[in-house]
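Okay, so here's the structure we're looking at.
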Amino acid sequence: MTHTRFRLVALFTLCCAFMAPIAAQAAAEFPPGEERWTVVTPHFRIHAPDRLTLAASQLADIAERYFDPMVAKAQTAPTAVTHIVLTDHLDLVNGYTSVIPYPRIVLYLKPQTNRHTDWLEHVFIHEFAHVLHLDRAEEEVAGLRSAFGRMPLLFPNQLQPRWMLEGYATWMETVMRDGDGRGYDPTYQALMRIAARDGALRPLHTLNEAPPDYPWGDDWYRYGVDFWLDVDQQAPGTVQFWHRIFSGQLIPFRINHAAEAATGKDVATLWRDWQGRLTEQVKALPDPVEPPNTTVLGQRSDQRLSGLTWFQGEVTASIYDGHWNPEVVRWRAGDWQRLARLNAPVRISADGDLIWTADLHHVDTFHQFDTPMTLDPDGLETWQAGEHVADLGAGFGAVVGVRHHPERHDLVARKPDGSWGIVVSGCLGEYFRHPVPLPDGRIALAHYPAGGPWDLAIYDPHRAAFFPLTQDEAGDGMPAFDAVGGRIYWISERSGQPQIDSILPDGSDRIRHTGVIGAAAFPSPSPDGQTLAWGELTPHGWSVRTAPIATLPRLPEVDEAPSPIATHIEPPPKPDYESLVRPYTPWESLTPTWWLPNLAYSNLDGWGLGAQTAGNDAAMEYSYAASLLGYGLDGRRKPRLLWYLTGIIDRWWPTISLETQRQFDFAAHGISAALPIAWDDWTLYGLAGFRGSKNSWEGWNRYLAAGLALDSRRQFLSDPYPARGGYLRLFAERTVGWLGPLDTGTRLTAEGRGFLRLDAAPGGHPWGVFGVQLMGSDVQGRPGRIGFGGAQSAVAALATPLTVTTPSAFLGDQQPLRGYPRNTFLVNRFFVSRAEWRLPLANTQWGKSTWPIAAGQLFGSVAVDHLQGDLGQKGTGVALELGLTSTLAYWVPTTFHLGVARGLRGPAAITEYYLRMGQIF
């Protein structure tokens, strides 16, 4: 029986695609079973667990204070209440925003100890700016929203390049706090200055995809905010008018139409004009001053520096190059040699035969905290006691650090028994960073008293008092003590650019030692007092440099540099409002906020009409997707009602997945559960479920299923040249059927991939990437399909049965064994192996202005596929491919493969030519 049906399934699929990344990200965001409370204000609902209710109350005041000023600045207001979810189960400084199905912000409450005077205000303004920007709808778009609600396709501003979106939010955080935002941050400005000085400013089209080199995605923020600041300075109010026009466009990607309507110029012209003005400003800067006898220690390209110390007489650094995991390396025999790999870029500090650091560590399935760790001379890692303890400084037999809370810091010191004792318990809004032990028991550090600013200080535990060494509005930090010379070296932004200064512990004899145009940071004097090591910012990353301390220049002291940054920021007055604290309930945010009409035609049932929708609550405890379609509405045929409804309950552990559907010849109902247990790089899922299904030729089948799934965390699917890694996935399922045709059987599936980048030399051009993929499946009997996939995205992949015609079903590649037609091998048991060598040919960085397509890496590859199946079936194919990575619609990474393949055995072997599009690896 066939049916001809035309329906708006593609639109529904695209709408759900907008929501899928949000749901997938949030589903892993929060530990199950937490009791939450909600702070209700006129414009916000702030949800937080018990331990974060103080932070939620603080944020409520901040949000309501800034609501009216931000709405006035953006010249638009949200069309719905904004939900903000607070969490601290991951020690991250981050947040993200979505506006579908309603405005929703997630904030990780680890204080951001940079130069900003109030980190919670800073992160709120940035994320709420995204809400104001993305939620906006004008003209025809606003009219369609009034009919269809918050349908994902009716948010035009989401279809802008990332540099526009992140640049706008960073622009708002800068102008709303009188310049105290990343737009005028000295380190942000340093990279722009040196790029302009060296003629290395990025062309416009290179930011329409993820930049492949240092500082990678950070350039979306840097270039974006600098561009919007320039547009606003040239004609105030233009930024708002630009986005008002764009948010009323039904046709996507018309960036230049909005730009020309707002400014009279296209984006490319505005970009060139801005970069020209920036270049002229840099020409007026004084020439850089470099210490004499400076040595550059073999800079590797695209290097980010996060810590510098001396370990056993050798310069040792914590670096990250965008491909490999962060690593600790030391300068030995004229080259950087790896000592250990880390999970995150962190500060390091050495004392004796140990390096002290604090890395992200999985303490249980749902929590990952900063945890102290030591490295010995052989790179052996030893985790130490202490959670939320980071920013460690070691020396003179002592180790000090910072324990972070959402609203303050504690200064802590390691006790002989390995525990951490509180040296200073910070007041509300008081923060510390970069503590360093001094030989007399005192501690040098950067201190931020409530209200700021960051100053260099010494804490005397005997007097229980802070003694400031600097008292100016510039940001100060990264102190390092020279035990021989008795001086403290640190970073000062007094000149408007991060420079290295030194001072005596009594606050006298302050000296400026560097005069770079970019930024100098991470000063580290050698134990013998002879040499100073530091990091210096270049257009291609941080370089490590050394110079004799005796020859360091004594540059003239400068007054506070003129800056657009306000020294004293008065927040907007607190509005008169009443807040209510109540237990969290998901029902307010579960209400459907959009719908999509569903039109279909069947040659047996005529026309059908229905609707589709999807949604979730703010804490992602419940989510659903639903479709309803009715036939025979014209009265000439018997009415038929078709539906599909699936729901996920992430409220508890395990995760529950529910499904019910009725189609023309098929109906099914089921429930399944997934119980994840995570550790290090692995997640083990226990699976169980019940399902009943009925079709027109077999009647009802009812069966139970149980299984196990193992999934590794390490996946490098978005990097065309991953450094190393891969993953392993195993899935075992047993189903038992009754009361109908027996769906009883066993399914075993497995897949593993491994990648290794082959470098010609440290920092050299890679020889390529060698990848291996192994997969297999064994099916006994007739196992049913239980549909575990609703519970977790990883389980969705694991529960997808492998077939020979789609050996990469885990990744959705849908490609057969190369060199053979589809459906050649129909077997119940098989083993497939693949090997590929991928050689980079060119970094094309091709694109044009704001076109929504950008090309990246061009590569060639040689691949061999082999299959061994039951019934004696075998196949071997070889392939040559030319590939091009690209980004479509500013957001979708993909790869085009042009290849030729030849099967080497069996009568079905063919020579085929193909053009395929798929994921990067």
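The values are calculated or read from the model by the stated rules, or taken from the named source; none is laboratory data. Only a predicted model underlies this, so the values are computations on that prediction, with no experimental measurement involved. Please note: Cβ atoms are built from the backbone with ideal geometry, for glycine as well, and neighbour counts cover all protein chains shown. Note: areas computed on protein heavy atoms with side chains; ligands, DNA, RNA excluded. Shrake-Rupley method; radii C 1.70, N 1.55, O 1.52, S 1.80 Å.
Results, tabulated for the structure shown:
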read-out: Qualifying residue in the stretch 234-250 (condition: at pLDDT below 90, farther than 20 Å from GLN75 by Cα, among the aliphatic types (A, V, I, L, M) and assigned to a helix (DSSP H, G or I)); value: no
read-out: Which listed residue is open to solvent by 20 Å² or more (accessible area, probe 1.4 Å), more than 27 Å from GLN234 (Cβ to Cβ) and either touching a Ser or Thr at 6+ places or on another chain (Cβ under 7 Å) or modelled with pLDDT of 90 or more (or both), from TRP310, TRP324; value: TRP310
read-out: Only one of ASP665, ASP617, ASP650 that is modelled with pLDDT under 80 and either open to solvent by less than 50 Å² (accessible area, probe 1.4 Å) or outside the structural domain of HIS83 (by the TED database) (or both); value: ASP665
read-out: Single residue of THR53, THR87, THR82 found to be more than 28 Å from GLY143 (Cα to Cα) and open to solvent by less than 40 Å² (accessible area, probe 1.4 Å); value: THR87
read-out: First in the stretch 496-512 and within 15 Å of ASP455 (Cα to Cα) and among the basic types (Lys, Arg), second anywhere and assigned to a loop (DSSP other than H, G, I, E, B) and at pLDDT below 90, Cβ under 9 Å, 6 or more apart; value: ARG510/GLU557
read-out: Selection from the stretch 909-921 of residues that are modelled with pLDDT of 85 or more and of a type outside the set (D, E, K, R); value: ALA909, ILE910, THR911, TYR913, TYR914, LEU915
read-out: Answer residue from the stretch 382-424, given it is small (Gly, Ala, Ser) and within 24 Å of TRP490 (Cα to Cα) and is most open to solvent (accessible area, probe 1.4 Å) among those; value: GLY397
read-out: Residue count for the stretch 203-216, restricted to those that are farther than 16 Å from LEU537 by Cβ and either open to solvent by 20 Å² or more (accessible area, probe 1.4 Å) or in the same structural domain as PRO852 (by the TED database) (or both); value: 4
read-out: Any hit, the stretch 162-184, residues being open to solvent by 20 Å² or more (accessible area, probe 1.4 Å) and among the aromatic types (Phe, Trp, Tyr); value: yes
read-out: Output for the stretch 190-221, where each listed residue is free of Cβ contacts under 8 Å to residues at least 40 places away in the same chain and assigned to a helix (DSSP H, G or I); value: ASP218
read-out: Enumeration of residues in the stretch 245-271 that are within 30 Å of the chain's Cα centre (by Cα), within 29 Å of LEU191 (Cβ to Cβ) and either in contact (Cβ under 8 Å) with a residue 24 or more places away in the chain or open to solvent by 30 Å² or more (accessible area, probe 1.4 Å) (or both); value: PHE246, PHE253, ILE255, ASN256, VAL267, ALA268, LEU270, TRP271
read-out: For VAL363: the one exception among (1) open to solvent by 20 Å² or more (accessible area, probe 1.4 Å); (2) in a loop (DSSP other than H, G, I, E, B); (3) modelled with pLDDT under 90; value: (2)
read-out: Subset of the stretch 369-380 [touching a Leu at 6+ places or on another chain (Cβ under 6 Å) and open to solvent by 40 Å² or more (accessible area, probe 1.4 Å)]; value: none
read-out: Test set (1) over 30 Å from VAL516 (Cβ atoms); (2) without any contact (Cβ under 8 Å) to a residue 60 or more places away in the chain; (3) more than 21 Å from the chain's Cα centre (by Cα) - MET151 fails condition number; value: (2)
read-out: Subset tally (residues that are at pLDDT below 85 and of a type in the set (Val, Ile, Thr)) for the stretch 560-609; value: 3
read-out: When residues of the stretch 859-883 are limited to those that are open to solvent by 50 Å² or more (accessible area, probe 1.4 Å), among the hydrophobic types (A, V, I, L, M, F, W, C) and at pLDDT 85 or above, the one nearest to THR269 (Cα to Cα); value: LEU882
read-out: Qualifying strands (runs of 3 or more DSSP E) (wholly inside the stretch 455-511; at least 1 residues being over 14 Å from LEU445 (Cα atoms)); value: 476-482, 499-503
read-out: Only one of GLN75, GLN112 that is of a type in the set (S, T, N, Q), closer than 30 Å to HIS405 by Cβ and surrounded by fewer than 21 Cβ atoms within 10 Å (Cβ to Cβ); value: GLN112
read-out: Residue satisfying condition, being of a type in the set (D, E, K, R) and at pLDDT below 80, within set ARG822, ARG838, ARG834, ARG818; value: ARG822
read-out: Residue in the stretch 831-846 that is touching a residue at least 24 places away in the same chain (Cβ under 8 Å), buried (at least 18 other Cβ atoms within 10 Å of the Cβ) and aromatic (Phe, Trp, Tyr) present; value: no
read-out: Residues (surrounded by fewer than 20 Cβ atoms within 10 Å (Cβ to Cβ), in contact (Cβ under 8 Å) with a residue 40 or more places away in the chain and either assigned by the TED database to the domain that holds GLY179 or not aromatic (Phe, Trp, Tyr) (or both)) located in the stretch 465-481; value: ASP472, GLU473
read-out: So ASP118, is it open to solvent by less than 40 Å² (accessible area, probe 1.4 Å) and on the phi < 0 side of the Ramachandran plot; value: no
read-out: Given (1) open to solvent by less than 60 Å² (accessible area, probe 1.4 Å); (2) within 28 Å of the chain's Cα centre (by Cα), number of the condition ASN343 does not satisfy; value: (1)
read-out: Filtered residues of the stretch 527-557 (kept if of a type in the set (Gly, Ala, Ser) and either open to solvent by less than 20 Å² (accessible area, probe 1.4 Å) or part of a strand (DSSP E or B) (or both)); value: GLY529, ALA533, GLY535, GLY541, SER543, ALA547
read-out: Residue, nearest to LEU817 (Cα to Cα), within the stretch 907-916, restricted to residues that are part of a loop (DSSP other than H, G, I, E, B) and either open to solvent by 50 Å² or more (accessible area, probe 1.4 Å) or touching a helix residue (DSSP H, G or I) at 6+ places or on another chain (Cβ under 6 Å) (or both); value: ILE910
read-out: Those residues of the stretch 652-687 which are in a strand (DSSP E or B), of a type outside the set (A, V, I, L, M, F, W, C) and over 25 Å from VAL363 (Cβ atoms), in sequence order; value: SER657, GLU659, THR660, GLN661, ARG662, HIS669, GLY670, SER672
